[in-house]
2 protein chains.
Amino acid sequence: MIKEKKNVETVISSSWIFTANNDDQLLENYSVVIDGGLIVDIVESDSVFNIYQANEVYQLTDQLLIPGLINAHSHLAMSLLKGYADDMELSIWLNNHIWPAEKNLVSPRFVRDGSRLAMAEMLKGGITTFNDMYFYPQATAEVSNEIGMRANIGLVVLDFPTEYASDAQDYLNKGLIFRDTWRDNPLITTSIAPHAPYSVSDESFSMIGTYANQLQMTIHTHLHETEAEIAESLQKFSMTPIQRLDKLGILGPNLAAAHCVHLNNTDIGILKKNQVNIIHNPSSNMKLGSGVANIKALYEKGVNIGLGSDGSASNNRLDIITEIRSTLLLHKGKNQDAELLKPLDAIKMATINAAKALGLDKKIGSIDIGKRADITVINLNSIECQPCYDPLSTFVYSADKNSVSHVWVDGDIKVKKQFLVNIDEDKLIHNAKLWQTKIKKI
Amino acid sequence: MIKEKKNVETVISSSWIFTANNDDQLLENYSVVIDGGLIVDIVESDSVFNIYQANEVYQLTDQLLIPGLINAHSHLAMSLLKGYADDMELSIWLNNHIWPAEKNLVSPRFVRDGSRLAMAEMLKGGITTFNDMYFYPQATAEVSNEIGMRANIGLVVLDFPTEYASDAQDYLNKGLIFRDTWRDNPLITTSIAPHAPYSVSDESFSMIGTYANQLQMTIHTHLHETEAEIAESLQKFSMTPIQRLDKLGILGPNLAAAHCVHLNNTDIGILKKNQVNIIHNPSSNMKLGSGVANIKALYEKGVNIGLGSDGSASNNRLDIITEIRSTLLLHKGKNQDAELLKPLDAIKMATINAAKALGLDKKIGSIDIGKRADITVINLNSIECQPCYDPLSTFVYSADKNSVSHVWVDGDIKVKKQFLVNIDEDKLIHNAKLWQTKIKKI
């Protein structure tokens, strides 16, 4: 008796699959079956075509399939300011260069063009989801929707006026309208995004806390990025920013706190107790001279850690594979402990842990039946990845973003054999050059 | 009157040329003129073809031409052990994994095959010269000569027997025969390479010092890589390895000392006084948990610093562009000083400073008339490198080894539009897989 085969959209057969699920499975010669944008099955490749018949089939030998990478802290539009101001510390960089430039530049068009350039770079580097904070979130969402990338977009709140909004209430109102517009989009979710404790007042934070609670929203903020930020807070509020946000009721499992470079033991205890998610941005923290976060302590305490690139103006690459490698090497080196953090720990920070930080772990972050099909494939069949004794080690230590061969978001292919499927790179480069000419003149 | 044009081999016209010479020139729209393997002229691109007629012409728009990168500390053959033993500290890694594996494996064929794989990876990444230390240097030289890569190869000396040699005198004798064989080769030079203070006796070091003096040879060694090495030396010799080598007369401007991770002020003073060259290997030092070298102090004291990848078994990529970026970010982060080290400082560490460390700075390391034409070109016309406000910043912070478009060694093209000209990559991958199967069984 011949059993009828089930028709599905896509079957991807890969030499290795790292699931990043609770079992940390590394499957050999398995296939991921995709239908309706979902992972509907994970089957041995030997038998997958006895069960399924697919519209599209990918046979990826010597390649490693992982959950799509998540950039858990970004400011996409700033890709147009990549390399605009280098080698200076955060407060000078921000106050004397970035904010004045933004004052001149920021507009929906700037955000759209910068975000598009950033998304192209990220998709090619295997990133399927980003967690953004910038002005004109509507513009970022439009591009994200057009390209088909998954996005968690912040409703940014600041206490000072910009072209975008006049005061905290105005930022929030604009954000809430934005949120309503995109509520039913399958790829776009939102957070409330107070910029930082040094740029948002107690009153605004309290208001944000209330909204987040009532609307069951996640929060995304910068926290403890520099020693100066903490010193200023101690002087002004007689407590660290973490203690202040704790008092204001902002800390909880719905908070993704970027940076957390400087923490005392009390701070770490508060973060742990409140189940706050940390987003580690090693390249940006180093480049701005902010310092090196104590990831060893946070990791050993069991604090959930995701990885982020930060904006292009302070990194200057939106490349989570580089952040994975930097995270591993940096903390082994800093702590003189080669056994601290294994490849799979860092890969999980860039996938399932980041998904948790964004409140999206029910939907994405691992290769599990029932999750959305956000998938990245790394080609290990290159001279720099040979020989390969352990595909996870080869991925994190020897491969890089140029090893990314295929990317799917929500079941749709976005990168095929290293090429962007629906983005014209030449056009992007041409447009970036136009902005460069304009920005050089300001 | 029409002046006759001079016929030359190659003209490379590039949007930017960073010379890495004493003037740190960044030339815009200039051309490098090559003949007989030498840089014979550097002329404005507007007028170069009024003066020269070339067999080969390269018009490289939006590309940055720099001196060929130098990998100043490597163990090429170990590329076959890439990823063989990860996430463990140096002494366990070396004593329990690497040395036992090498005991089973090392042979001229292992060295030839591993070196060939490494050279392919390095050339693609813009490296034109390497400074190697391994067994069977003859095998490395043969491959280097066949491929046409510039090499400074160590006559390795150890006090314990291996398949290659029985004792220090035997290592040295074999090395000196090797040196004589290759003396007249234009691409190959040699150093004496005592492995490390912990594996070479006072007697052997004294002998090495005498030979180096009489033959006017450079020396290449590992030095102060771990805290344990220093503690052991203090116990055994009542002095640090640096103090011991000073006493033995090994320290001088002809010494390239890899690592120097842990240094007290006395050690730094001794290195400075003796004009010792330091080779910084940030990735390897971090991955093995050895620590982070105090590059700030060495740089501020004016000690000459080159960059190295170390072997593939401890890094796991032979990629000087990654080491440049890591050097910049790591020391800004460690010292919380965003202004410490500028892009050009790190580029010079990977070119002219490394050339000095190898005693090759009269021949290579900068784009100057009269130097050998070792040249690397970086393509900045990609989405990740746009916009570009400063080509040096874009190169070090945004580009990576996959941005390398063209490479010349001694005037011969080795990489053309990202492809290796005279190496078959598929064959290399196939061969690496055969070794992988064999090595997995030991």
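Where helices (runs of 4 or more DSSP H) fall entirely within the stretch A:315-432, those with at least 1 residues that are within 11 Å of chain B (Cβ to nearest Cβ) and surrounded by fewer than 24 Cβ atoms within 10 Å (Cβ to Cβ) are at A:320-334, A:343-349. Only a single criterion out of (1) modelled with pLDDT of 95 or more; (2) in contact with a helix residue (DSSP H, G or I) (Cβ under 8 Å, 6 or more places away or on another chain) is not satisfied by A:ILE442, namely (1). Residues that are closer than 21 Å to B:HIS73 by Cβ and charged (D, E, K, R) within the stretch B:190-230 comprise B:GLU225, B:GLU227, B:GLU229, listed in sequence order. As for the stretch A:143-153, it holds at least one residue that is over 18 Å from the mean Cα position of the chain (by Cα), closer than 23 Å to A:GLY365 by Cα and modelled with pLDDT of 95 or more.
Regarding the stretch A:52-62, can at least one residue be identified that is within 11 Å of another protein chain (Cβ to nearest Cβ), modelled with pLDDT of 95 or more and out of contact with any Phe, Trp or Tyr (no Cβ under 6 Å at 6 or more places or on another chain)? Please lay out each step first, then the result.
Residues of the stretch A:52-62 that are within 11 Å of another protein chain (Cβ to nearest Cβ), as a first pass: A:62.
Still in the running and modelled with pLDDT of 95 or more: A:62.
Next, only the ones that are out of contact with any Phe, Trp or Tyr (no Cβ under 6 Å at 6 or more places or on another chain) stay: A:62.
Within the stretch A:52-62, one or more residues are within 11 Å of another protein chain (Cβ to nearest Cβ), modelled with pLDDT of 95 or more and out of contact with any Phe, Trp or Tyr (no Cβ under 6 Å at 6 or more places or on another chain).
Comparison of B:LEU344, B:LEU328 shows that the only residue that is in contact (Cβ under 8 Å) with a residue 12 or more places away in the chain, more than 30 Å from B:ASP35 (Cβ to Cβ) and among the hydrophobic types (A, V, I, L, M, F, W, C) is B:LEU328. Among the residues of the stretch B:43-84, count how many are buried (at least 18 other Cβ atoms within 10 Å of the Cβ) and in contact (Cβ under 8 Å) with a residue 40 or more places away in the chain. Residues that pass the stated criteria total 27. Look at (1) closer than 21 Å to B:ASP184 by Cβ; (2) in a helix (DSSP H, G or I); (3) not acidic (Asp, Glu) and you find that B:PHE130 fails only one, number (2). Looking across B:ASN7, B:ASN22, one residue alone is over 27 Å from B:ALA118 (Cβ atoms) and within 26 Å of the chain's Cα centre (by Cα). It is B:ASN22.
Of all the listed residues (A:MET122, A:MET133), the sole one being on the phi < 0 side of the Ramachandran plot, more than 14 Å from chain B (Cβ to nearest Cβ), out of contact with any Cys (no Cβ under 9 Å at 6 or more places or on another chain) and crowded, with 19+ Cβ neighbours inside 10 Å is A:MET133.
So which residues in the stretch A:369-397 are touching a residue at least 60 places away in the same chain (Cβ under 8 Å) and among the aromatic types (Phe, Trp, Tyr)? Scanning the stretch A:369-397 gives A:PHE395, A:TYR397.
For the stretch B:1-94, list the strands (runs of 3 or more DSSP E) that sit wholly inside it and hold at least 3 residues that are under 23 Å from B:ILE324 (Cβ atoms); which are they? Talk me through it step by step, then tell me what you get.
Details: elements: B:6-18, B:26-35, B:38-44, B:52-67, B:69-74.
Correct list: B:6-18, B:26-35, B:52-67, B:69-74.
Looking at B:ASP184, is it in a loop (DSSP other than H, G, I, E, B), surrounded by 13 or more Cβ atoms within 10 Å (Cβ to Cβ) and more than 21 Å from the chain's Cα centre (by Cα)? No.
In summary, strands (runs of 3 or more DSSP E) completely within the stretch A:219-310 and bearing 1 or more residues that are within 14 Å of chain B (Cβ to nearest Cβ), crowded, with 24+ Cβ neighbours inside 10 Å and out of contact with any Pro (no Cβ under 6 Å at 6 or more places or on another chain) occur at A:255-259, A:277-280.
Tell me which of these A:ILE320 doesn't satisfy, since it passes every other one: (1) in contact with a helix residue (DSSP H, G or I) (Cβ under 6 Å, 6 or more places away or on another chain); (2) under 30 Å from B:VAL261 (Cβ atoms); (3) not assigned by TED's automatic domain parsing to the domain that holds A:ASN402. The failed condition is (1). Between a residue in the stretch B:305-323 that is farther than 15 Å from B:LEU69 by Cβ and any residue that is in a helix (DSSP H, G or I) and of a type in the set (A, V, I, L, M), which pairs come within a Cβ distance under 7 Å, given they are 6 or more apart or on different chains? Listed by first residue and then by second, the contacts come to B:GLY311/B:MET78; B:SER312/B:MET78; B:SER312/B:LEU81; B:SER312/B:ALA118; B:ALA313/B:MET78; B:ALA313/B:LEU81; B:ALA313/B:ILE98.
Looking at B:LEU94, is it within 13 Å of chain A (Cβ to nearest Cβ) and free of Cβ contacts under 8 Å to residues at least 60 places away in the same chain? Lay out the reasoning, then the answer.
Working: within 13 Å of chain A (Cβ to nearest Cβ): yes; free of Cβ contacts under 8 Å to residues at least 60 places away in the same chain: yes.
Here the answer is yes, as B:LEU94 does meet what is asked.
B:LEU117 meets the conditions (1) assigned to a helix (DSSP H, G or I); (2) more than 10 Å from chain A (Cβ to nearest Cβ); (3) under 23 Å from B:LEU307 (Cα atoms) in every case but one. The failed one is (2). For the stretch B:142-165, the candidate set comprises residues that are buried (at least 24 other Cβ atoms within 10 Å of the Cβ) and of a type in the set (Gly, Ala, Ser); within that set, the residue that is farthest from the other protein chains (Cβ to nearest Cβ) is B:GLY154. Close Cβ contacts (under 8 Å, 6 or more residues apart or on different chains) running from residues in the stretch A:414-438 that are under 18 Å from A:SER79 (Cβ atoms) to residues that are among the β-branched types (Val, Ile, Thr) and part of a helix (DSSP H, G or I) comprise A:LYS414/A:ILE147; A:ILE423/A:ILE147; A:GLU425/B:ILE383; A:LEU428/B:ILE383; A:ILE429/B:ILE383; A:ALA432/B:ILE383.
Take the residues in the stretch B:78-124 that are among the polar types (S, T, N, Q) and within 22 Å of the chain's Cα centre (by Cα), then tell me which one is farthest from B:ASP424 (Cα to Cα).
First pass over the stretch B:78-124, keeping only residues among the polar types (S, T, N, Q): B:79, B:91, B:95-96, B:104, B:107, B:115.
Those left that are additionally within 22 Å of the chain's Cα centre (by Cα): B:79, B:115.
Values: B:SER79: 17, B:SER115: 14 Å.
Per the stated criteria, the residue is B:SER79.
The values are calculated or read from the model by the stated rules, or taken from the named source; none is laboratory data. Quick caveat: nothing in here was measured; it's all calculated off a predicted structure. Every residue, glycine as well, gets a Cβ built from its backbone with ideal geometry; the counts of neighbours run over all protein chains shown.
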